[in-house]
Structure formats: C-alpha cells, structure tokens
Amino acid sequence: MGDRLGSMGVMENVSSTAAPLSVLTPEGDEVRLGDAWAHRPVVLALIRHFGCQFCKDHVSQLVPAVPAIHEAGAELVIVGSGNPSMAGFFAEDYHVTTPLFTNPSRDIYRAFGAKRPTWTALLNPWLYWNGLRVALRGHWPGRPQGDLAQLGGVFIVLPDGDMPFAYRSTVAGDLPSVARVIDELKKAVLRR
C-alpha cells in the first residue's frame with residue numbers, strides 16, 4: 001500500500017537533508033540524527049506518535065527482530081513525534097533497547113517525505129481494517145502522544161546517506177512486514 005522504494009528503485013540520499021537534523025533522546029538531550037548511521041546501516045522506523053496503536057504493534061514486532069538486524073551489521077532506530085518523556089515511557093513499555101528518539105518539530109518526517117494526510121484519510125476503509133487487525137493482536141489506541149495526523153514509514157539508510165529502501169505509509173497502519181524489512185536490509189548490506 002505505501003509508497004515504496006525497494007531493491008530496484010532509484011536510490012535516494014538523505015546525507016544533506018536528514019543527516020544534519022536533530023532529534024531528542026528520552027532524557028531531552030539533542031542528538032544529530034545522521035550520527036545514527038555514520039558508521040553502520042540503520043533501519044529507521046518513523047512512528048506516528050507514542051500513543052498510536054499501529055506504532056505499538058509495529059514496534060512490538062520490530063523489537064524481537066533486533067538480533068537479526070544486528071546480525072546484518074545494522075541498528076534499529078525509532079523516531080516518534082511526541083515529547084521526550086513520552087518517548088521514555090514508550091521505550092520502557094515496549095522494551096526498546098535500541099536508540100529511540102523523538103522529533104516534536106517533525107522536520108525529520110518532512111526530510112524523509114513522510115505523509116501528513118487530510119481528514120479525508122478517515123474515509124479510507126484500510127484505516128479501519130488495520131485498526132481491527134492490530135486490536136485483535138492486543139494493541140489499542142492510547143491517548144495522543146504526538147501528532148495524530150502524521151504518518152510514518154520504514155527506511156534503510158547506509159553510512160553514506162544512501163537509502164536503498166523507503167516505505168512511506170499512505171494510511172495509519174500501512175507498514176511493511178518485518179520479514180520484508182530484514183530481506184531488504186540483507187540485500188542492501190550485500191550490495192555495499
């Protein structure tokens with residue numbers, strides 16, 4: 001469903017757009033995002049907000065995949081749009097041990113081309129199907145903890161800023177499978 005750039009697409013580069021931008025740690029410290037991929041590839045998960053049921057579901061699937069991500073020589077980095085304390089509670093609740101940041105200004109989202117749909121997105125039946133699907137897995141919406149309208153995505157970023165895989169959600173809950181992300185990561189690492 002999402003806008004995808006995979007193995008055969010034209011590769012984007014984020015070294016000048018996203019790398020110099022800052023994110024905040026759960027403690028409120030400012031960190032340059034590009035430092036995350038300066039020495040190794042990164043699987044970057046941009047989540048909508050820290051109360052989002054789809055984000056909870058996605059992160060609960062990504063966390064068990066961290067060993068496979070590390071085995072490929074990469075790191076999982078998660079960025080949300082709430083405040084630092086929200087990020088801290090989210091990391092604790094979902095047992096996130098990899099870098100987790102927040103970007104309240106959402107300039108990172110803009111740099112990666114993440115969408116911010118209009119109210120008409122509420123008419124998309126996939127939104128409700130996705131909501132039912134993740135609710136059946138036990139993930140319910142929490143109170144808003146960031147920008148409700150912001151969509152996210154999953155990106156693989158290499159140390160030179162090249163992005164061999166980009167998946168931009170077109171509706172809330174539209175995310176690639178973890179198996180697909182791991183497969184794309186392995187392909188990207190082999191091509192390096």
Checklist line | Cα gyration tensor shape of the range 27-122, rounded if a/c is under 1.5, else prolate or oblate by comparing a/b with b/c | finding: rounded
Margin query: Using amide H atoms built in the peptide plane, which far-off residues or other-chain residues are under 5 Å from Glu12 H to H?
Written below: Met163
Next item on the list: Calculate the spin-label point distance for Arg180 paired with Ala65, positioning each point 7 Å from the Cα along the beta-carbon direction, and give it in nanometres.
Entry: 1.0 nm
Item checked: For Lys115, residues with placed amide H under 5 Å, excluding near neighbours -> Leu151, Ser169
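Any read-out appearing in this document is the output of simple, stated calculations on the displayed coordinates, not a laboratory observation. Since we're looking at a predicted model, the values are computed, not measured. When we count neighbours, we look across all protein chains shown, and the Cβ atoms used for this are built from the backbone with ideal geometry, even at glycine.
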